[in-house]
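Step one of this worksheet: look at the structure below.
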Amino acid sequence: MANNNNELDERKRKRLDHKLRIVEKRDRLLNKDRTSDRAVFEEVFDKSTLMTLYSLLNHGIVDKIFGVLKSGKESRIYRGVDSEGTVIALKIYLTVAIEFKKMLPYIQGDPRFKRTKRSKRSLVYAWAQKEFKNLQRAYVAGIYVPKPIHVKKNVLIMEFIGEGNIPVPTLKDKPPKNITTARRMYKEIIRNVKTLYHKAGLIHGDLSEYNIMNKEGVPIIFDMSQAVLVDHPKAEKFLLRDINNLNRFFKRTGVQVKETKKLYKWVTKGE
């Protein structure tokens with residue numbers, strides 16, 4: 001009888017230890033700072049997302065998470081640090097409040113994700129994988145993008161690009177400071193579009209001043225979850241849209257932009 005009681009006590013102790021470890025991990029992850037509110041933070045994450053974060057913590061990929069860097073309908077980006085104290089960015093795709101119909105045109109026609117199930121969670125996981133793979137392709141091709149580090153379920157870990165705790169602003173928030181800089185940035189971004197097309201085999205699909213950072217005149221392309229392969233059924237439509245967006249923005253800065261159709265031919269022709 002005594003042995004049975006000892007076994008029960010041991011099981012209770014193990015369960016208690018397990019609960020305490022979970023609380024400790026949670027407290028390590030949910031670090032508040034001036035830009036983060038704990039209640040809002042907790043509201044974002046469902047049980048599956050928290051378990052994913054715990055797994056990343058256990059493997060030393062993430063050590064702490066701080067404030068929100070960017071908040072959107074599909075995802076939120078947080079500042080964090082890894083086990084070595086390096087600042088990282090965590091993009092967490094929302095599994096509930098997300099417009100899945102907008103995802104389908106970018107997922108359908110991509111052979112990399114042809115076996116993806118149509119459930120909401122499966123689509124979100126595929127979306128995260130898609131951005132990770134697209135960033136890998138772009139990074140290897142030499143495009144200045146945030147370096148992809150790891151992806152697990154709906155959590156994407158990537159390089160944090162900024163000064164201290166402040167991310168580099170977008171072109172929308174920080175337009176070129178003068179016409180000379182604007183001309184140079186326009187040419188560089190168009191060259192990047194061509195490099196992305198030929199070396200990475202990708203079209204961004206939603207390129208605009210909202211997802212290009214301006215690092216003192218150096219453009220950094222980000223937000224590549226919707227990027228498609230060049231043989232995607234809607235590749236031409238997406239590339240033309242990218243070019244039109246760039247022309248619209250830089251024309252407002254005073255740049256004499258190239259005609260859309262001519263630029264499209266230049267981008268798609270062999271290098």
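Are any of the residues in region 83-93 among the charged types (D, E, K, R) and without any contact (Cβ under 8 Å) to a residue 40 or more places away in the chain? Looking for residues that are among the charged types (D, E, K, R) and without any contact (Cβ under 8 Å) to a residue 40 or more places away in the chain, one finds at least one in region 83-93, hence yes.
Residues considered: L56, L90. Of these, the only one that is at pLDDT 90 or above and either within 21 Å of N214 (Cβ to Cβ) or in a strand (DSSP E or B) (or both) is L90. Of all residues in region 163-208, those that are β-branched (V, I, T), outside any strand (DSSP E or B) and within 16 Å of N245 (Cβ to Cβ) total 3.
Exactly one residue out of K152, K130, K147 is modelled with pLDDT under 95 and in the same structural domain as I77 (by TED's automatic domain parsing): that is K130.
The values are calculated or read from the model by the stated rules, or taken from the named source; none is laboratory data. It should be emphasised that the depicted structure is a prediction, and the values quoted were computed from it without experimental measurement. No Cβ is skipped: glycine too gets one built from the backbone with ideal geometry, and neighbour counts run over all protein chains shown.
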